[in-house]
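Here, each number is a calculation from the coordinates, and none is a lab measurement. These numbers come from a predicted model, not from an experiment. Ideal geometry is used to build each Cβ from the backbone, glycine not excepted, and the neighbour counts take in all protein chains shown.
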Amino acid sequence: MKFHQLKTGESFTFQGEAFRKVSPLLAHNEKDGLQKMFRRADSVELSGACEQPDTGPYQTDQIVNQKIETCMKQLLASCEKIVETHISDKISMTRAIDQLHKEYNLLINSLV
């Protein structure tokens with residue numbers, strides 16, 4: 001079979017060495033731990049042993065969304081600090097921070 005036909009996490013052999021596919025172009029050498037780049041057309045032999053389940057795009061999307069959410073929280077905190085520093089009117093500052101929270105929640109909800 002060809003390398004591109006393997007699912008992420010599947011074990012295979014290539015030129016007598018055992019590998020596990022970790023991305024569309026990379027595989028982890030089971031013996032020395034090094035990663036090797038493969039061409040999509042490289043011929044490999046499915047091992048069948050030690051197969052890992054395919055994490056699929058859903059889990060990857062969750063990881064990306066968590067990173068985005070973390071960045072957004074940091075951005076919101078920075079914006080709040082800037083608003084508190086530069087707006088002397090307490091009422092205007094509260095409105096500005098409330099608006100930042102609304103925008104933040106809209107962005108986070110769009111990730112889900």
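Where is the GNM fluctuation largest for the chain (alpha-carbon springs, 10 angstrom cutoff): V83, V44, V22? Looking only at V83, V44, V22, the largest GNM fluctuation is found for V83. For the chain, the relative contact order works out to 22 percent when only alpha carbon pairs closer than 8 Å and six or more residues apart are counted.
For the stretch 3-46, the relative contact order works out to 40 percent when only alpha carbon pairs closer than 8 Å and six or more residues apart are counted.
Across the stretch 73-87, computed HN-Hα scalar couplings (Karplus, 6.51 cos²θ - 1.76 cosθ + 1.60, θ = phi - 60°) run 5, 5, 5, 4, 4, 5, 4, 4, 5, 5, 4, 5, 6, 9, 10 Hz from first to last residue, x flagging Gly and Pro. Sorting S92, S47 by the number of Cβ atoms found within 10 Å of their own Cβ, with the fewest placed first, yields S92, S47. A cut-off of 5 Å between modelled amide H atoms, ignoring neighbours fewer than 5 places along the same chain, links S47 with S11, F12, T13. Among the listed pairs K2/K67; K21/K67; K36/K73; K7/K73; K67/K90; K21/K73, a Cα-Cα separation exceeding 26 Å is found for K2/K67; K36/K73; K7/K73; K67/K90; K21/K73. In the chain the longest region clear of trypsin sites (Lys or Arg not before Pro) that are loop-assigned by DSSP and have at most 16 other C-beta atoms within 10 Å covers 41-112. A simple spin-label model places pseudo-atoms 7 Å from Cα toward Cβ; at S78 and H28 they are separated by 3.3 nm.
On the beta carbon distance between R39 and I68, with R0 = 35 Å, the FRET formula returns roughly 0.65.
I need the shape label for the chain. Rule: rounded when a/c is under 1.5, else prolate if a/b > b/c, else oblate, with a, b, c from the alpha carbon gyration tensor. Mind dumping the intermediate values first?
Details: a/c = 5.19, a/b = 3.79, b/c = 1.37.
Prolate, because a/c is 1.5 or more and a/b exceeds b/c.
Computed over neighbours whose Cβ is under 13 Å from that of K90, the net charge equals -2, Lys and Arg +1, Asp and Glu -1.
Can you give the calculated 222 nm mean residue ellipticity of the chain, where each DSSP H run of n ≥ 4 adds -39,500 (n - 2.57) and the sum is split over every residue, rounded to the nearest 500 deg cm²/dmol?
-17000 deg cm²/dmol
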